[in-house]
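**Student:** Handing you this structure, nothing more for now.
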Amino acid sequence: MKRYYSSVILVLLIIVSIGTYYFYRSTDRLPEFKLVAVKGDQKEADGIELSGNYGARMRSEIVNVTTEGSEYSSRQSMYEQEIKNARSWFYQHSDMRKLVKEHRDFMRGKTDPDSFYMDKEWIIYAAVSQSPANIEKPETEIRVQVLNVKTGREDQFATIISEQTPYHNAQVVDVQRYDNELQILTSAMSGTEFSTKFRKYVLDLSNGHLIRNEELPYKFIDREGVRYSHNVISHEVSSAPGNYVLLAVREEKVTVDRNQSYSSQPIADHFFAYSYKTGKLIEIPESWTAASLNSHQQYNLNGNRLSVLTYGSANISVSGYDLDTLQEAYKRTSYTAAQLGAVSIGSAYMSGNRVIILLHQNDKPMMAVNDKPMIAVIDATKGALLYQGEVVVDGPASEAEEHMKHLRLYNLTPRI
């Protein structure tokens, strides 16, 4: 009987929640915004999402704006708020959205975009785990699930690998396939020295047998007063076939004060391209990655081409390099905020050959009134301005100015 009453109460709570949600939505007087073209093809802005808040009420509302309109957090259902938003980082990848849509059963329980490989014939997912680091005979287990797209056949295997030295906190950072060889690149902390190690496990795709177990010749070991942080930049589309992966290392000076509080200051950045074909690390010339003070830098890897995007509040530039030849892939493109019809640049990201830029009509967008956020899209390889757009009120012109005063859009969400 208690179970019966619990079920009734649960149903009533759901009905009340849904009723409350639709009641507030029906009485909602929040303004509508949308991104519209000022110059160029509106299709260039498809997939671009701006986010921030609208603050005309006693409390501000979180809002997202696209070419289709605006979406407020208060209008989202419980499912959208608690489930969908919790994995927004996963669904921002176009390949992950495609896999979930077309292969839902295979995708069940898989959450790491870096662990996937996908081509016209295969979808592969690899995971790694390790035995405790202090045992005498450390082992690594690699679990692989394979889906043949053409036949629909699914296989899986687990491979146990005996290690010469212990590692811990291992994770997959990239997966590639070359003919019948599956190459799995992992990072882990050394069990004997405080440093990050990168290992490549090469397996026979037909049976999971180990072909090679290689440690990359990459040695940055923390020492007194100096530590290193590591970042891996794989292909722009994480599951796509590629010949390179980029390893980024930041060298920092560490200071400990009397209260045992730590502070750090960057000393230098080091970049290496790892070639799956040759098994070699290629040090990236410093001139490719040198950044000025007060600037942001992003790196985009697409096939054998590395693009470097650099921007500050006043200007933005992008340059491309061919990792096969270590030569320039395309000429550097530069724009100032004024050339793009704005006062300052807020943020930017790359998608393919396109640079998407968030622009503001003042130099303090989070504090300004009537900022009127704008978007620009540039073809990095040609330097051409493809699109300019602005956020407007989708409603009566008489109310537009007042609504725009309370809109703050300062985030640009990439959908890769």
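The values are calculated or read from the model by the stated rules, or taken from the named source; none is laboratory data. Note that the coordinates shown come from a computational prediction; the quantities given were computed from them, not determined experimentally. Cβ: placed from backbone, ideal geometry, glycine included. Neighbour counts: every protein chain shown. Accessible surface areas use protein heavy atoms only, side chains included; no ligands, DNA or RNA. Shrake-Rupley method; radii C 1.70, N 1.55, O 1.52, S 1.80 Å.
**Student:** Being at pLDDT 90 or above and open to solvent by 100 Å² or more (accessible area, probe 1.4 Å) is the requirement here; does K34 meet it? Walk me through it before giving the result.
**Tutor:** Numbers: at pLDDT 90 or above: yes; open to solvent by 100 Å² or more (accessible area, probe 1.4 Å): no.
For K34, the condition - at pLDDT 90 or above and open to solvent by 100 Å² or more (accessible area, probe 1.4 Å) - is not met.
**Student:** Next question. If you scan the range 121-134, which residues turn out to be at pLDDT below 90 and either open to solvent by 70 Å² or more (accessible area, probe 1.4 Å) or of a type in the set (F, W, Y) (or both)?
**Tutor:** Of everything in the range 121-134, those that are at pLDDT below 90 and either open to solvent by 70 Å² or more (accessible area, probe 1.4 Å) or of a type in the set (F, W, Y) (or both) turn out to be P132, N134.
**Student:** Would you point out the residue of the range 383-398, among those that are within 14 Å of K39 (Cβ to Cβ) and of a type in the set (A, V, I, L, M, F, W, C), that is surrounded by the most Cβ atoms within 10 Å (Cβ to Cβ)? Give the steps one after another, and end with the answer.
**Tutor:** From the range 383-398, those within 14 Å of K39 (Cβ to Cβ) are 384-390; that's our starting set.
Still in the running and of a type in the set (A, V, I, L, M, F, W, C): 384-386.
Details: A384: 11, L385: 17, L386: 19.
Filtering the range 383-398 for residues that are within 14 Å of K39 (Cβ to Cβ) and of a type in the set (A, V, I, L, M, F, W, C), the one surrounded by the most Cβ atoms within 10 Å (Cβ to Cβ) comes out as L386.
**Student:** So for the range 44-64 (the condition being at pLDDT 85 or above, surrounded by 14 or more Cβ atoms within 10 Å (Cβ to Cβ) and in a helix (DSSP H, G or I)), does at least one residue qualify?
**Tutor:** yes
**Student:** Looking for something surrounded by fewer than 20 Cβ atoms within 10 Å (Cβ to Cβ), in contact with a helix residue (DSSP H, G or I) (Cβ under 7 Å, 6 or more places away or on another chain) and not in a strand (DSSP E or B) - is there at least one such residue anywhere in the range 371-378?
**Tutor:** Here is the first cut: in the range 371-378, the residues surrounded by fewer than 20 Cβ atoms within 10 Å (Cβ to Cβ) are 372.
Add one more test, that the residue is in contact with a helix residue (DSSP H, G or I) (Cβ under 7 Å, 6 or more places away or on another chain), and what stays is 372.
Filter again for not in a strand (DSSP E or B), leaving 372.
Yes, the conditions are met somewhere in the range 371-378.
**Student:** Yes or no: E328 open to solvent by 60 Å² or more (accessible area, probe 1.4 Å), among the acidic types (D, E), free of Cβ contacts under 8 Å to residues at least 12 places away in the same chain and within 21 Å of V232 (Cα to Cα)?
**Tutor:** On the way: open to solvent by 60 Å² or more (accessible area, probe 1.4 Å): yes; among the acidic types (D, E): yes; free of Cβ contacts under 8 Å to residues at least 12 places away in the same chain: yes; within 21 Å of V232 (Cα to Cα): no.
When the stated conditions are applied, E328 does not pass them.
**Student:** State whether one or more residues within the range 101-109 are open to solvent by 20 Å² or more (accessible area, probe 1.4 Å), closer than 27 Å to G279 by Cα and among the small types (G, A, S). Even if it seems obvious, please write down each step before you answer.
**Tutor:** First pass over the range 101-109, keeping only residues open to solvent by 20 Å² or more (accessible area, probe 1.4 Å): 101-105, 108-109.
Restricting the remaining residues to those that are closer than 27 Å to G279 by Cα gives none.
No, the range 101-109 has no match at all.
**Student:** Checking T111 against (1) at pLDDT below 90; (2) under 16 Å from L409 (Cα atoms); (3) among the polar types (S, T, N, Q), which test does it fail?
**Tutor:** Tallying (1) at pLDDT below 90; (2) under 16 Å from L409 (Cα atoms); (3) among the polar types (S, T, N, Q), T111 fails exactly one: (2).
**Student:** Moving to a separate point now. Could you look through the range 146-182, keep only residues that are open to solvent by less than 50 Å² (accessible area, probe 1.4 Å) and in contact with a Phe, Trp or Tyr (Cβ under 6 Å, 6 or more places away or on another chain), and pick out the one that is farthest from K197 (Cα to Cα)?
**Tutor:** Taking the candidates together, the pick is L147.
**Student:** In addition: Residues V254, V249, V245: which one is of a type in the set (A, V, I, L, M, F, W, C) and in contact (Cβ under 8 Å) with a residue 60 or more places away in the chain?
**Tutor:** Values: V254 fails: in contact (Cβ under 8 Å) with a residue 60 or more places away in the chain; V249 fails: in contact (Cβ under 8 Å) with a residue 60 or more places away in the chain.
Checking each option against the conditions leaves just V245.
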